[in-house]
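**Student:** Can you keep this structure in mind? I'll have questions shortly.
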Amino acid sequence: MTPIEYAPRSLLYVPGSNARALEKAQGLAADMLIIDLEDAVPADRKDAAREAMRAAVSAGFPGKRVAVRVNGTGSAEQAADIAALAGLALDAVVLPKVDAPADLDPLRALGLPVFAMIETPVAIYAARDIAADRNVRGLIAGLNDLAHELRLPDGMDRGAMSHAIQAIVLAARAGGCWCFDGVYNAIDDAAGFVAEAEEGRRLGFDGKTLIHPSQVDPCNMAFAPSPREIAAAEALVAAATGGAQRHDGRMVEDMHVAAARALLERAGR
């Protein structure tokens, strides 16, 4: 599989059927673009979206990592989606509605890292096996579909899904892959988005999937180390002598120093 050195913070869905959105994406600061052939594309525009996706990826998105979200395993559109990816230089493929590792089988011949979307109660219980699959590089929390499957009232605070959300993070860490928070639907609620993105980082997610360009910059900020965190990490690394020691009013060990070094590496990428 193609190696991806750092987890993307911001993963922006771009409708494959929207030429203007594909063009605008060139100038955005998203760490990864996910060209969407699934939910964002009407049924009667699937072929056009595949053609537009191929043209856009072939033309290139300089400085950006690019993935494509195909239709789910068992759908009538998936085979054509996979055929459309042939020969393209992609960083990953996103597969929706992954309930078991077997759902990944149609994608294996591509040799691309897969970001598997966890969107159902069945997927929550299978998430550890999915994350451990050799082709999976990341899990994406598909919280809109999960809320529907759980029959939650519309507009319910996502605290109602807290167990499922943490299960996705746990499964990703147990399987040795990344995990990405779900989308925030209220595109005009900037403060709400920032609060959810910051919460996502506190929960352990590596980044967040996005549905609007206005969410890119605040997402990057939320998932990037703050100046205060960087300064604290630098001080800890400089003071480290090995083993357990007192530092800045607390006991720290080698694992804390390793975490500080990793934070500094991420900040300096």
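The values are calculated or read from the model by the stated rules, or taken from the named source; none is laboratory data. Everything numeric in this text was worked out from a predicted model, so none of it was measured. Backbone-built Cβ (ideal geometry, glycine too); neighbour counts: all protein chains shown. All accessible areas refer to the heavy atoms of the entire protein, side chains included, with ligands and DNA or RNA removed. Shrake-Rupley method; radii C 1.70, N 1.55, O 1.52, S 1.80 Å.
**Student:** Any residue in segment 92-105 that is in contact (Cβ under 8 Å) with a residue 60 or more places away in the chain and assigned by the TED database to the domain that holds Leu33 sitting within a Cβ distance under 9 Å of a residue that is among the acidic types (Asp, Glu) and not in a helix (DSSP H, G or I)? List the pairs, counting only those 6 or more apart or interchain.
**Tutor:** Once the first residue is in contact (Cβ under 8 Å) with a residue 60 or more places away in the chain and assigned by the TED database to the domain that holds Leu33 and sits in segment 92-105, its partners that are among the acidic types (Asp, Glu) and not in a helix (DSSP H, G or I) give Val94/Asp36; Val94/Glu38.
**Student:** When Val94 is evaluated against the numbered criteria (1) among the β-branched types (Val, Ile, Thr); (2) touching a helix residue (DSSP H, G or I) at 6+ places or on another chain (Cβ under 8 Å); (3) open to solvent by less than 10 Å² (accessible area, probe 1.4 Å), which criterion, by number, is the only one it fails?
**Tutor:** Looking at each condition in turn, Val94 falls short on (2).
**Student:** Moving on. Which of (1) surrounded by fewer than 22 Cβ atoms within 10 Å (Cβ to Cβ); (2) closer than 10 Å to Ile35 by Cβ; (3) touching a Gly at 6+ places or on another chain (Cβ under 8 Å) is the odd one out, the single condition Val66 does not satisfy?
**Tutor:** Unmet condition: (3).
**Student:** So, in segment 1-50, exactly how many residues are among the hydroxyl-bearing types (Ser, Thr, Tyr) and over 26 Å from Leu139 (Cβ atoms)?
**Tutor:** Of segment 1-50, the ones among the hydroxyl-bearing types (Ser, Thr, Tyr) are 2, 6, 10, 13, 17.
Among the residues that remain, those that are also over 26 Å from Leu139 (Cβ atoms) are: 17.
Number of matching residues: 1.
**Student:** Test Val14 against the stated conditions and say whether it is in contact with a strand residue (DSSP E or B) (Cβ under 8 Å, 6 or more places away or on another chain), open to solvent by less than 60 Å² (accessible area, probe 1.4 Å) and at pLDDT 95 or above. Let's see the steps before the verdict.
**Tutor:** Numbers: in contact with a strand residue (DSSP E or B) (Cβ under 8 Å, 6 or more places away or on another chain): yes; open to solvent by less than 60 Å² (accessible area, probe 1.4 Å): yes; at pLDDT 95 or above: yes.
The answer is yes for Val14.
**Student:** Within segment 251-269, track down each residue that is open to solvent by 60 Å² or more (accessible area, probe 1.4 Å), basic (Lys, Arg) and at pLDDT below 80.
**Tutor:** Arg269
**Student:** Restricting the search to segment 136-172, which residues are in contact with a helix residue (DSSP H, G or I) (Cβ under 8 Å, 6 or more places away or on another chain) and among the basic types (Lys, Arg)?
**Tutor:** Arg158
**Student:** Now for a different question. Taking the condition closer than 25 Å to Asp133 by Cβ and surrounded by 13 or more Cβ atoms within 10 Å (Cβ to Cβ), does Ile165 pass? Break it down into steps so the answer makes sense when it comes.
**Tutor:** Numbers: closer than 25 Å to Asp133 by Cβ: yes; surrounded by 13 or more Cβ atoms within 10 Å (Cβ to Cβ): yes.
Spelling it out, Ile165 is indeed closer than 25 Å to Asp133 by Cβ and surrounded by 13 or more Cβ atoms within 10 Å (Cβ to Cβ).
**Student:** In segment 191-209, what residues are of a type in the set (Gly, Ala, Ser) and either open to solvent by 60 Å² or more (accessible area, probe 1.4 Å) or not assigned by the TED database to the domain that holds Asp181 (or both)? Spell out the reasoning first.
**Tutor:** At the first step, the residues of segment 191-209 found to be of a type in the set (Gly, Ala, Ser) are 191-192, 195, 197, 200, 204, 207.
Once the filter is applied, which keeps residues that are of a type in the set (Gly, Ala, Ser) and either open to solvent by 60 Å² or more (accessible area, probe 1.4 Å) or not assigned by the TED database to the domain that holds Asp181 (or both), segment 191-209 yields only Ala191.
**Student:** Give Asp39, Asp47, Asp81 a once-over and let me know the one that is assigned to a helix (DSSP H, G or I), touching a residue at least 12 places away in the same chain (Cβ under 8 Å) and open to solvent by 10 Å² or more (accessible area, probe 1.4 Å). Talk me through it step by step, then tell me what you get.
**Tutor:** Values: Asp39 fails: assigned to a helix (DSSP H, G or I); Asp81 fails: open to solvent by 10 Å² or more (accessible area, probe 1.4 Å).
From the options Asp39, Asp47, Asp81, the qualifying one is Asp47.
**Student:** Let me ask something else. Restricting attention to segment 215-250, report how many residues are of a type outside the set (A, V, I, L, M) and surrounded by 13 or more Cβ atoms within 10 Å (Cβ to Cβ). Let's see the steps before the verdict.
**Tutor:** Taking segment 215-250 and keeping what is of a type outside the set (A, V, I, L, M), we get 215, 217-220, 223, 225-229, 234, 241-243, 245-250.
Going one step further and asking which of them are surrounded by 13 or more Cβ atoms within 10 Å (Cβ to Cβ), we end up with 215, 217-220, 223, 225, 229, 234, 245, 247.
Selection size over segment 215-250: 11.
**Student:** Let me spell it out: the conditions are (1) open to solvent by less than 20 Å² (accessible area, probe 1.4 Å); (2) touching a helix residue (DSSP H, G or I) at 6+ places or on another chain (Cβ under 7 Å), and Met32 meets all of them except one. Which number is the exception?
**Tutor:** Every condition holds for Met32 apart from (2).
**Student:** Please work out if Ala52 is outside any loop (DSSP other than H, G, I, E, B), open to solvent by less than 30 Å² (accessible area, probe 1.4 Å) and among the small types (Gly, Ala, Ser).
**Tutor:** Details: outside any loop (DSSP other than H, G, I, E, B): yes; open to solvent by less than 30 Å² (accessible area, probe 1.4 Å): no; among the small types (Gly, Ala, Ser): yes.
Judged against the criteria, Ala52 is not a match.
**Student:** Now for a different question. Could you check segment 69-112 and list, in sequence order, the residues that are acidic (Asp, Glu) and in contact with a Gly (Cβ under 9 Å, 6 or more places away or on another chain)? Walk me through how you get there before you give the answer.
**Tutor:** Going residue by residue through segment 69-112, those that are acidic (Asp, Glu) are 77, 81, 91, 99, 103, 105.
Residue satisfying the conditions is Asp103 alone.
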